[in-house]
Each structure stands twice: as C-alpha cells, then as structure tokens.
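First comes the structure, then the notes that go with it.
The values are calculated or read from the model by the stated rules, or taken from the named source; none is laboratory data. Just so it is clear, the structure is predicted and the values come from calculations on it, not from any experiment. Because the Cβ atoms are built from the backbone with ideal geometry, glycine has one as well, and the counts that use them run over all protein chains shown.
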Amino acid sequence: MSNSESNHRIKNTFPVQLPTNYLKQIRRNTITHEFDQGLPEDEQLPHESDDQLSEASKLLRLGIQQQQAGELIAALKSLQQSLEMFRAIGDVQQQEQALSFLALVAYASGDYKSVIYYSQQCLALEKTTPDLLVQMQALSHLGNAYRHLNDHNKAIEYLEECFIITQKLQDKRSQVAALNNLGLVYKASGNFVRAIAYQEQSLQIVQELQDKWGIEQVLKNLGNAWYALDNYPKAIAYYEECVKVARTLNNPRSASQVLKNLGNACYAIGDYAKAIIYYEERLQLARELKDKRSEEQSLGSLGVACEALGDYTKAIQYYEERLLLARTIKDRRIEEQALASLKVACYALGDYARAMQYQQGTSTNS
C-alpha cells in the first residue's frame with residue numbers, strides 16, 4: 001500500500017456519485033461473504049440519551065436495511081447522513097461501520113472510485129482504533145474495486161493483505177471470498193493457472209462449509225477460467241456441477257447463465273447434439289422467467305447448432321421464432337440478424353425463392 005493511500009486524510013465531503021435518481025445493482029462473480037455483517041441488533045448500537053447519537057444510530061440501521069433490500073439510493077443517503085453525524089459526535093467505531101456499508105453500496109452500483117474513497121477513509125480511521133475485521137472488509141472492498149478498474153497489481157496487493165487477515169481471524173467464509181476474488185483478478189490479468197489455483201483452494205473450503213451458494217459461485221468461476229484456457233472438457237465438468245447446485249438452490253437465473261456457457265463449450269468441442277440439449281434447457285428457463293433477451297439468444301444459438309448438424313429445417317424453425325420475438329420486442333438489430341440467418345439456411349436447403357423473401361425482408365427493414 002502506498003504512503004499516499006495510507007495517509008489519506010478524512011474529509012467531510014463526499015465523492016461524486018452516480019445520478020441520484022438512479023442506481024442499478026450490478027451482478028458479478030465476486031463473493032462478498034466478508035460483508036455479510038447482518039443488521040446490527042439494537043443493543044449493538046449506542047442508545048445514550050444524546051439525541052444526535054440516537055438519530056445517527058437509527059440512520060445507520062436504516063441504511064443497512066435499505067442496502068440489504070437493494071434500495072441503493074435511499075441507503076446511500078441514510079448512510080451518508082449517519083456518517084456526518086457520527087463525525088460530528090466523534091464516534092470512530094460507528095464511522096467505520098457507516099463507511100464500510102457506503103463502500104458496499106458504491107460497489108453494488110458500480111461506483112468503484114467511491115468504493116476506494118470510502119475504504120481508504122475507513123483504513124485511515126483504523127490507525128486510531130485497530131480492528132482486524134474492519135481492516136479485512138476495507139481491504140476486500142479496495143481489491144475488488146481496483147480489479148474492476150483494471151489495476152490488477154493494486155487489486156492483488158489489497159486482496160492478499162485481506163487473505164492474511166482472514167487467516168489470522170480463522171474466518172473461513174472470508175477466506176473463501178478472498179481466494180475466489182484473488183482468482184478473479186488473476187483471471188482478469190490473463191494468469192489463468194494462478195486463478196484456478198486460488199479458486200480450487202476456495203472451492204475446497206466452501207465445500208467444507210457446505211455453503212451451496214458459495215459452491216455454486218466458485219464452480220462457475222472455475223468453469224469460466226478453464227473455458228478461458230480453451231480446456232472445454234474441464235469447463236464442462238465444472239459448469240455441469242454448477243447447474244446441479246443452482247437447481248437445488250432454485251436459482252434459475254444462475255442456471256440459465258451457466259447453461260449458455262455449457263452449450264458454448266459443447267459447441268466448441270464439436271458436440272453439437274449436447275450443445276442443443278443445453279440451449280433447449282436454457283430456452284425453457286428463459287420462457288419460464290419471461291426473460292426475452294435470454295430467449296432470443298437461446299433461439300439464435302439453437303439455430304447455429306442445428307446448422308452445424310446439417311439440420312437446416314430445424315435451424316429455420318428456431319430462426320423464425322427468433323425473428324418473431326425480435327419484432328415483438330422491436331429490436332431492429334436482432335431482426336436483421338435473424339433474417340440474415342434465415343437467408344443463409346434457406347440457401348443451404350436450396351430454397352432460393354424463400355431465401356429471396358428473407359433478403360427482401362432485410363432490405364425493407366434496414
């Protein structure tokens with residue numbers, strides 16, 4: 001950690017945030033067990049008669065509730081207000097908690113510069129009241145934020161510091177998170193072998209904990225790492241295990257995402273029949289979830305896989321369904337792609353008249 005960062009001064013101003021009328025929660029492969037602090041019970045927060053302290057504590061609890069409910073804008077406002085009040089009072093411990101949750105809200109919304117801002121302030125406060133748990137959380141936030149900003153060296157530095165603290169605390173859930181997230185950084189930097197080594201360690205610990213949600217995430221990340229190495233059989237093995245776990249957790253959105261990867265991996269090794277099975281499963285899930293984008297992607301993938309098998313009649317059927325869906329959701333780009341695919345498939349069948357109809361459709365809509 002550089003001296004400039006460790007000597008970061010605490011300021012009473014806040015970093016520029018995302019537009020205050022819209023904060024979207026972003027899904028990632030990061031594991032954040034170390035942030036599962038839970039909602040503090042009333043007795044964990046001060047209840048002195050001081051009105052300002054009582055109000056600050058209420059705002060902190062409210063902000064945590066809002067963050068856990070995904071109400072990021074409201075959480076941001078409540079936590080910032082509580083932080084300002086705790087600063088005025090001089091309560092360092094509660095400032096750290098507010099800053100930690102502010103970093104978590106910023107991370108959930110993709111505001112990585114603010115994650116760094118809040119986390120560095122948290123670490124600066126730690127000089128006066130050292131707390132390994134707070135340090136671990138701040139270092140993890142920093143490592144994950146720098147990963148998304150593509151500063152891999154800093155990300156690795158912070159996450160390795162975080163992992164050392166998880167070992168000191170003998171906190172296995174946080175070890176799972178630190179190891180998994182280190183794996184993600186090494187994968188992002190192109191060091192897939194190191195990424196897999198960290199995630200294998202993470203998988204071993206999370207399996208010991210019998211944490212199915214964590215197992216599902218680590219299996220998916222391992223599948224992604226092997227896929228990036230073009231080792232499709234290994235990727236398929238991890239993806240298949242991941243889908244099984246996702247189904248036991250009744251997590252259809254995660255299953256849908258991994259089924260797409262499974263289909264792509266099977267296609268890459270030339271197992272088109274198996275790819276079709278996985279794409280069909282994803283199509284069914286997409287329709288159950290009313291996820292039009294995944295449905296459209298699945299139909300396109302099914303058409304391509306059927307073409308690879310030489311089954312142009314079936315491919316045309318899927319492409320026509322994709323065309324109809326594209327027109328329903330009024331997506332001109334997908335409509336033109338579907339028309340182009342239909343034209344090629346019809347030419348392959350020797351149905352030139354029909355191919356010309358789709359050609360005219362492309363011209364009409366372009």
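Quick notes on this structure:
- Meets criteria (under 14 Å from residue 212 (Cα atoms), of a type in the set (Lys, Arg) and out of contact with any strand residue (DSSP E or B) (no Cβ under 7 Å at 6 or more places or on another chain)) for residue 260: no
So that you can scan it fast, the table gives a plain yes or no per residue for (1) farther than 23 Å from residue 247 by Cβ; (2) at pLDDT 95 or above; (3) surrounded by fewer than 22 Cβ atoms within 10 Å (Cβ to Cβ); (4) touching a Cys at 6+ places or on another chain (Cβ under 6 Å):
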{"site": "155", "(1), (2), (3), (4)": "yes, yes, no, no"}
{"site": "160", "(1), (2), (3), (4)": "yes, yes, yes, no"}
{"site": "164", "(1), (2), (3), (4)": "yes, yes, yes, no"}
{"site": "175", "(1), (2), (3), (4)": "yes, yes, no, no"}
{"site": "181", "(1), (2), (3), (4)": "yes, yes, no, no"}
{"site": "188", "(1), (2), (3), (4)": "yes, yes, yes, no"}
{"site": "197", "(1), (2), (3), (4)": "yes, yes, yes, no"}
{"site": "207", "(1), (2), (3), (4)": "no, yes, yes, no"}
{"site": "233", "(1), (2), (3), (4)": "no, yes, yes, no"}
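- Residue in segment 227-246 that is farthest from residue 192 (Cα to Cα), counting only those that are touching a helix residue (DSSP H, G or I) at 6+ places or on another chain (Cβ under 6 Å) and charged (D, E, K, R): 241
- Residue, farthest from residue 260 (Cα to Cα), within segment 284-330, restricted to residues that are assigned to a helix (DSSP H, G or I) and among the acidic types (Asp, Glu): 320
- Residue ranges of helices (runs of 4 or more DSSP H) in segment 51-163 with at least 2 members farther than 28 Å from residue 198 by Cα: 51-68, 72-89, 92-108, 112-125
- Hits in segment 51-73 (condition: under 18 Å from residue 110 (Cα atoms) and free of Cβ contacts under 8 Å to residues at least 12 places away in the same chain): 69, 71
- Any hit, segment 345-363, residues being within 30 Å of residue 211 (Cβ to Cβ) and over 23 Å from the mean Cα position of the chain (by Cα): no
- Members of segment 120-159 found to be closer than 22 Å to residue 185 by Cβ and touching a His at 6+ places or on another chain (Cβ under 7 Å), listed by number: 120
- When the residues of segment 260-313 are filtered to those that are farther than 17 Å from residue 239 by Cβ and of a type in the set (Lys, Arg), the one that is surrounded by the most Cβ atoms within 10 Å (Cβ to Cβ) is 292.
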